[in-house]
Structures are given as C-alpha cells and as structure tokens.
Amino acid sequence: MVRTYYPHVYFEAAVPRTRDSVTRAVHETDKRPGVTSFEEYKRVALAQLLDYIDGWTVDHHGDVIPFTIKRWRGRTLVLIRLGKKKWRRRYQRIIDLIDHYRRRISKTKSLKAREKLAMEAARELGIPEKVAKEILRRVRQRKFLG
C-alpha cells in the first residue's frame, strides 16, 4: 500500500494547517515559513521522538490518539522525503539516530528513564537541553491540557 504524502500540511505552509503536536511544538528559527534549515529539521525529528515517549500523540484534527509504530513510520516517511529533498547527505544520520532511540525508549517502562534517553538523543543531535525540554513541555501540553 502506498502512503499519501502531504508536504504542504507539515512543512511548506506559512502557518501549519494542522493541530498536530509535533508541528506546533517546534518554533521557526528564521523568517521563512516551513522547515527551511537543517537545525529546524533536527528539532522536528527530536519533537517526534519526544512525542513518542508517553505513547500518545495529537493528530492533525486535534484528537489525542495512541502513537503506534504505524504512525511513527508514517511521520518518519515525511521526514525522510523532506530530508532527501533538501539535505541529501546529512538527513540519514538524523533518521537513524531517532529510530535507534525510539527502539531503546520502547524497551523502557519508566517515563523518567524514557525522558533521560530522549535528552541523550538531543545531546547527540546537538540541540541544547533547554530547547529540548521546551519542546518536550510543548508536546506534552498539547495532549493533556487541550
């Protein structure tokens, strides 16, 4: 089965046309709309990993739903296609890294241990811990506060 890809929904719109928890958690780092720099790309990938921690996510309708492996693969496909389009040589390392940490997180039961693994992934991505904690706060806020 072929998945449908909607780049305008996630990355190319001036204002994201979605209430998705990942796209709302990452701020623009420049004045251009969408994911335009590699730093923003790394932050979106980290936000996806942080969203996976508690097993729940917010879809583009704004509904809180389980974050399944199928949903992870679909969102990773969007990251892969964006990375291939803009950063041919560097994107694969980011994808491999978040997938590696996703597997390690899924084997861990404790929420604190999962958060610790995610902060370790942020360090490897080169994202400051303060920014990673802010993204984590925003991802979780969308799920539990409305």
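The values are calculated or read from the model by the stated rules, or taken from the named source; none is laboratory data. Quantities reported herein were computed from a predicted structural model and do not represent experimental measurements. Every residue, glycine as well, gets a Cβ built from its backbone with ideal geometry; the counts of neighbours run over all protein chains shown. When the accessible area is computed, the model is the full protein with side chains, heavy atoms only, and any ligands, DNA or RNA have been set aside. Shrake-Rupley method; radii C 1.70, N 1.55, O 1.52, S 1.80 Å.
Does Ile80 fit the bill of being modelled with pLDDT of 90 or more, under 12 Å from Tyr41 (Cα atoms), within 13 Å of the chain's Cα centre (by Cα) and surrounded by fewer than 19 Cβ atoms within 10 Å (Cβ to Cβ)?
Working: modelled with pLDDT of 90 or more: yes; under 12 Å from Tyr41 (Cα atoms): yes; within 13 Å of the chain's Cα centre (by Cα): yes; surrounded by fewer than 19 Cβ atoms within 10 Å (Cβ to Cβ): yes.
So Ile80 passes the test.
When segment 84-125 is examined, which residues are found to be in contact with a helix residue (DSSP H, G or I) (Cβ under 7 Å, 6 or more places away or on another chain) and in a loop (DSSP other than H, G, I, E, B)?
Trp87, Arg90, Thr108
Of all the residues that make up segment 127-146, how many are at pLDDT below 90, touching a Lys or Arg at 6+ places or on another chain (Cβ under 9 Å) and among the hydrophobic types (A, V, I, L, M, F, W, C)?
Of the residues in that region, 1 qualify.
Name the residues in segment 40-71 that are open to solvent by less than 20 Å² (accessible area, probe 1.4 Å) and more than 21 Å from His27 (Cα to Cα), would you?
Phe67 - this is the single residue of segment 40-71 that is open to solvent by less than 20 Å² (accessible area, probe 1.4 Å) and more than 21 Å from His27 (Cα to Cα).
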